[in-house]
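Here the structure comes first, spelled out in structure tokens, and everything after it is commentary.
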Amino acid sequence: MGTLIYKIATRAQWAKAEADGVFAGAPIDLADGYIHFSTADQARETAAKHFAGQNDLLLVAVRAEALGAALRHDVSRGGALFPHLYAPLDLTHVAWVRPLPLGDDGAHIFPQMDA
């Protein structure tokens, strides 16, 4: 299947994407000019840092290879390379969408992050 990258989105954002057939991005993505993604190793820290305490979230897995040259890996948090998409996300490149609920401890409970 290839490499998956991950986007955390609200249910409302994703419902709009499904209605539009494309995900243009969350407000932070639109402001920055690209869609922020995380690798499997980065996703939990992203959730804790940017989505702490937020419920009603989804974890969207995207096939990185399908995104072509519009996907770049830019230096970001702590000098790590993060995947950024410099185009709207065509939903045909989505492998799956799964709930990202909060646990009793306030941390998000991640699903199995594979194909």
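Report, by residue number, each residue of region 70-99 that is small (Gly, Ala, Ser) and either without any contact (Cβ under 8 Å) to a residue 24 or more places away in the chain or not in a strand (DSSP E or B) (or both). Outline the logic, then answer.
Initial filter on region 70-99 (small (Gly, Ala, Ser)): 70, 76, 78-80, 87, 95.
70, 76, 78, 79, 80, 87 - these are the residues of region 70-99 that are small (Gly, Ala, Ser) and either without any contact (Cβ under 8 Å) to a residue 24 or more places away in the chain or not in a strand (DSSP E or B) (or both).
Is at least one residue of region 59-71 loosely packed, with under 12 Cβ neighbours inside 10 Å and at pLDDT below 95?
For region 59-71, residues loosely packed, with under 12 Cβ neighbours inside 10 Å and at pLDDT below 95: absent.
Among the listed residues 43, 12, 19, which satisfies the condition of being under 18 Å from residue 85 (Cα atoms) and either assigned to a helix (DSSP H, G or I) or among the β-branched types (Val, Ile, Thr) (or both)? Step through it out loud before you land on a result.
Numbers: 12 fails: under 18 Å from residue 85 (Cα atoms); 19 fails: under 18 Å from residue 85 (Cα atoms).
Residue meeting the stated conditions: 43.
Looking at residue 99, is it over 20 Å from residue 2 (Cβ atoms) and either of a type in the set (Asp, Glu) or touching a strand residue (DSSP E or B) at 6+ places or on another chain (Cβ under 7 Å) (or both)? Spell out the reasoning first.
On the way: over 20 Å from residue 2 (Cβ atoms): yes; either of a type in the set (Asp, Glu) or touching a strand residue (DSSP E or B) at 6+ places or on another chain (Cβ under 7 Å) (or both): yes.
Yes.
Given the options 64, 19, name the one that is in contact with a Gly (Cβ under 8 Å, 6 or more places away or on another chain), within 21 Å of residue 91 (Cβ to Cβ) and not aromatic (Phe, Trp, Tyr). First the steps, then the outcome.
Numbers: 19 fails: in contact with a Gly (Cβ under 8 Å, 6 or more places away or on another chain).
Answer to the selection: 64.
Of everything in region 78-98, what is surrounded by fewer than 16 Cβ atoms within 10 Å (Cβ to Cβ) and within 17 Å of residue 26 (Cβ to Cβ)? Give them in sequence order.
The answer is 86, 87, 90.
The values are calculated or read from the model by the stated rules, or taken from the named source; none is laboratory data. Predicted model, so just to flag it, every value in this text is computed and none were measured. Here Cβ is always computed from backbone atoms with ideal geometry, including for glycine, and neighbour counts include all displayed protein chains.
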